[in-house]
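Here the structure comes first, spelled out in structure tokens, and everything after it is commentary.
The values are calculated or read from the model by the stated rules, or taken from the named source; none is laboratory data. Computed from a predicted model, the values in this text were never measured in an experiment. Using ideal geometry, Cβ is built from the backbone for each residue, glycine included, and neighbour counts are taken over all protein chains shown. Just the protein is used for accessible areas: all its heavy atoms, side chains included, with ligands, DNA and RNA removed. Shrake-Rupley method; radii C 1.70, N 1.55, O 1.52, S 1.80 Å.
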Amino acid sequence: MGVSGCGKSSIAKLLAERLSCDFIEGDDAHSQENISKMSAGIPLTDADRHDWLITLKQTLRHHAAADMSVVLTCSALKRRYRDCLREGDPQVFFVHLHGDYDLIVQRMQSRNRHFMPSTLLNSQFADLEPLQADEHGIVLDVKHSPDELVEQAINALKVVLV
């Protein structure tokens, strides 16, 4: 989880490989209407995100029912979004990739194949509600290398799974 440009997809792919489990890109579940809005620099509302979150919740529910592990990317910026995802699988463990605004905006401006413009980053930081003490998860600083972030996430998961 985290704002756009924090490295969710890259880290999630590596994590899924290391854990030998499915990887699901949450952005792929966005409607074309949502993608068009974001591409135009229009922040999504909670109503815009509703169906997207329900789809991700159902994906988590399906994997949990099949006893299959999955790494799913999702901004999950607000507590209520994370609560919705936990309805799909109460054992969800959040890896919050957090970083300095300037670093993340620099990363966003250097990528060229994503629909999310850096102009929406302010709205994402404004919406971001940090993980609460009762939410299973860890906050990792994106200043670390991808390999270090994956290792930190795996170590945190080991503690939870014991």
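Summary of values
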| quantity | calculated |
| --- | --- |
| Residue match in segment 124-133 (condition: under 17 Å from the mean Cα position of the chain (by Cα) and modelled with pLDDT under 90) | yes |
| Counted residues, segment 13-28 - those being without any contact (Cβ under 8 Å) to a residue 12 or more places away in the chain, part of a helix (DSSP H, G or I) and farther than 20 Å from residue 76 by Cα | 1 |
| Some residue of segment 129-136 being free of Cβ contacts under 8 Å to residues at least 24 places away in the same chain and not charged (D, E, K, R) | yes |
| Residue identified as touching a helix residue (DSSP H, G or I) at 6+ places or on another chain (Cβ under 9 Å) and over 21 Å from residue 141 (Cα atoms) among 75, 69, 4 | 69 |
| Some residue of segment 70-93 being open to solvent by 80 Å² or more (accessible area, probe 1.4 Å) and in contact with a strand residue (DSSP E or B) (Cβ under 9 Å, 6 or more places away or on another chain) | no |
| Residues of segment 29-47 satisfying the condition of being part of a helix (DSSP H, G or I) and open to solvent by 30 Å² or more (accessible area, probe 1.4 Å) | 29, 32, 33, 35, 36, 37, 39, 46, 47 |
| Test: residue in segment 52-65 that is part of a helix (DSSP H, G or I), closer than 23 Å to residue 18 by Cα and of a type in the set (D, E, K, R) | yes |
| Neighbours by Cβ (under 9 Å, 6+ apart or cross-chain): first from segment 41-67, among the aromatic types (Phe, Trp, Tyr); second surrounded by fewer than 16 Cβ atoms within 10 Å (Cβ to Cβ) | 52/31 |
| Inter-residue pairs, beta-carbon under 8 Å, first assigned to a loop (DSSP other than H, G, I, E, B) and in segment 89-109, second open to solvent by less than 80 Å² (accessible area, probe 1.4 Å) and basic (Lys, Arg), 6+ apart | 92/82; 92/86 |
